[in-house]
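Worksheet for the structure shown next.
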Amino acid sequence: MKDLRFGVVGLGLRVNLAEAAHRPGRGSVVAAVCDTDPATLKREAARFGDPVTSPDHRDLLGRDDLDAIILLTPDDTHESIAVECLQAGKPLYLEKPLAITVEGCDAVLRAARDTGTRLYVGHNMRHMGVVRLMRDIIRRGDIGEPKTVWVRHFVGYGGDYYFKDWHADRTRTTGLLLQKAAHDLDVVHWLAGGYTTRVNAFGDLMVYGGLPRREPGTPRPDGWPRDHTWPPTAHRDLHHVVDVEDVSVMNMVLDNGVIAAYQQCHFTPDYVRNYTVIGTEGRLENFGDGPGATVKVWNTGPTGYRPDADITYRVPDATGSHGGADTRIIEEFARFAREGGPVDTSPVAARMSVAAGYMATRSLRDGGTPYDVPSLDPSLVAYFADDRR
Ligand SMILES: NC(=O)c1ccc[n+]([C@@H]2O[C@H](COP(=O)([O-])OP(=O)(O)OC[C@H]3O[C@@H](n4cnc5c(N)ncnc54)[C@H](O)[C@@H]3O)[C@@H](O)[C@H]2O)c1
């Protein structure tokens, strides 16, 4: 089988995904790369041998020698570039979030449907060992029927990764309850087996709003992203626009009656996600979220707190970025780009996670007012439900 030939657009921090895709002789190669920043383009192209290079993604879309596009640009560019890729007939790996508005998401889904081009949205958490383990426990019925899901998201490194560049500007992301939480909202939906229909949220910019910022047009500081700052109040060189929240809490009602909560803080000392899922016959909770972490299940009782639980599962070992998820998701995308068929991510689910985060952001900027989440056009739901796509 010949290697699939990928064109990659956007070679910033997420270039590690393109590295996972470059496996000459083993299924796929990065054959062309694009970045609007000339220095980044020159530096990062060298990782892939001697690829075609261009500062304009349109130069890649016209090339017959590229089988698919991997799009890794900032969130606010996803909608327009994705629509162009789909209209050019190139199967597309689109990083999460699908877009930064509900309308933007729906425009991308319509372009995929109208052109018949394969669309894959990069929700790599669905390929993380800890998430798959929790999903398997729930599917086996170890905790009965899931009824409520609580997620605490401790974003250590938040000052570095989310407040020193475009992430901090709401015109580029809508907000971190969409930008960052889209991952976890998707996982909540996957674990609970439903989509959010109603939300409310509170949030604030508590720490990073008052710290020194860089001039517009200046690069991220030297040493980024290797050097980290502690305590959070010691951060300097923040992005020139900082208007997204660094603390947010969100409540959700899902279409199957499940009630969920998601909490995010960007100035914690540690970086970890903690999920609790409570069902009709037990509960699970993860301790750590990478390879070697544990997921505990309590499904006898009632008793006082038992740290040993009833069953303790270990998250399998894995290598590579995001606990091995990036390698696995690219393998899945390569198979999907070649032949279609069922995959573990879903464009509809990607849209529903953005829609929940978008409406929750509106709620937190509106004093916590509850909002309904707009439903997706049923014809799009039906189109993407067909596994042959
Ligand atoms: N799934 C994950 O685990 C994960 C992790 C990190 C980031 N992301 C997502 O990946 C995407 C990229 O994030 P990042 O952290 O790499 O950002 P980044 O800012 O580090 O890199 C983005 C790159 O895209 C380039 N670029 C911007 N506009 C472009 C255009 N129109 N055409 C070509 N190149 C363009 C920039 O010059 C930059 O090099 C974002 O959507 C982000 O949300 C996903």
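The values are calculated or read from the model by the stated rules, or taken from the named source; none is laboratory data. Just so we're clear, the structure is a prediction, and the values are computed from it rather than from any experiment. Don't worry about glycine lacking a Cβ; one is built from the backbone with ideal geometry, like all the others, and counts go over all protein chains shown. The accessibility values were calculated without ligands, DNA or RNA, using every heavy atom of the protein model including side chains. Shrake-Rupley method; radii C 1.70, N 1.55, O 1.52, S 1.80 Å.
Among the residues of the stretch 273-287, write down those that are touching a strand residue (DSSP E or B) at 6+ places or on another chain (Cβ under 7 Å) and open to solvent by 30 Å² or more (accessible area, probe 1.4 Å).
278, 280, 283, 287
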Could you list, in sequence order, all residues of the stretch 129-179 that are closer than 30 Å to residue 256 by Cα, among the charged types (D, E, K, R) and assigned to a helix (DSSP H, G or I)?
132, 135, 136, 139, 140
Mind telling me which of the residues 191, 185 ends up being open to solvent by less than 30 Å² (accessible area, probe 1.4 Å), within 15 Å of residue 361 (Cα to Cα) and outside any strand (DSSP E or B)?
185
Which condition from (1) over 16 Å from residue 78 (Cβ atoms); (2) more than 14 Å from the ligand (Cβ to nearest atom) is the one that residue 171 breaks?
(1)
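For every residue, the table says whether it meets (1) in contact (Cβ under 8 Å) with a residue 12 or more places away in the chain; (2) touching a His at 6+ places or on another chain (Cβ under 6 Å); (3) closer than 18 Å to residue 356 by Cα.
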| residue | (1), (2), (3) |
| --- | --- |
| 165 | yes, yes, no |
| 187 | yes, no, yes |
| 234 | no, no, no |
| 257 | yes, no, yes |
| 261 | yes, no, yes |
Of the conditions (1) in contact (Cβ under 8 Å) with a residue 60 or more places away in the chain; (2) over 28 Å from residue 353 (Cα atoms), residue 16 clears all except one; give me its number.
(2)
What pairs can you find where one residue is in the stretch 145-160 and in contact (Cβ under 8 Å) with a residue 12 or more places away in the chain, the other is open to solvent by 90 Å² or more (accessible area, probe 1.4 Å), and their Cβ atoms are less than 7 Å apart, with a gap of 6+ or different chains?
148/259; 154/271; 155/271; 156/269; 156/271; 157/271
Would a scan of the stretch 131-152 turn up a residue that is within 11 Å of the ligand (Cβ to nearest atom), under 25 Å from residue 361 (Cβ atoms), surrounded by 18 or more Cβ atoms within 10 Å (Cβ to Cβ) and modelled with pLDDT of 95 or more?
no
Taking only the stretch 85-103 into account, find how many residues are near the ligand (Cβ under 10 Å from one of its atoms) and within 18 Å of residue 67 (Cβ to Cβ).
1
Number of positions in the stretch 1-53 that are within 13 Å of the ligand (Cβ to nearest atom), more than 19 Å from residue 220 (Cα to Cα), outside any helix (DSSP H, G or I) and open to solvent by 10 Å² or more (accessible area, probe 1.4 Å):
1
Residue count for the stretch 54-82, restricted to those that are within 10 Å of the ligand (Cβ to nearest atom) and surrounded by fewer than 20 Cβ atoms within 10 Å (Cβ to Cβ)
8
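Out of all the residues in the stretch 88-98, is one or more part of a helix (DSSP H, G or I), in contact (Cβ under 8 Å) with a residue 60 or more places away in the chain and in contact with a Lys or Arg (Cβ under 9 Å, 6 or more places away or on another chain)?
Taking the stretch 88-98 as the starting set, the residues that turn out to be part of a helix (DSSP H, G or I) are none.
No, every residue in the stretch 88-98 fails to be part of a helix (DSSP H, G or I), in contact (Cβ under 8 Å) with a residue 60 or more places away in the chain and in contact with a Lys or Arg (Cβ under 9 Å, 6 or more places away or on another chain).
Considering only the stretch 260-293, how many residues are of a type in the set (S, T, N, Q), out of contact with any helix residue (DSSP H, G or I) (no Cβ under 9 Å at 6 or more places or on another chain) and assigned to a strand (DSSP E or B)?
Keep residues of the stretch 260-293 that are of a type in the set (S, T, N, Q), which gives 263-264, 268, 274, 276, 280, 286.
Checking which are out of contact with any helix residue (DSSP H, G or I) (no Cβ under 9 Å at 6 or more places or on another chain) leaves us with 263, 274, 276, 280.
Those left that are additionally assigned to a strand (DSSP E or B): 263, 274, 276.
Matching residues across the stretch 260-293 total 3.
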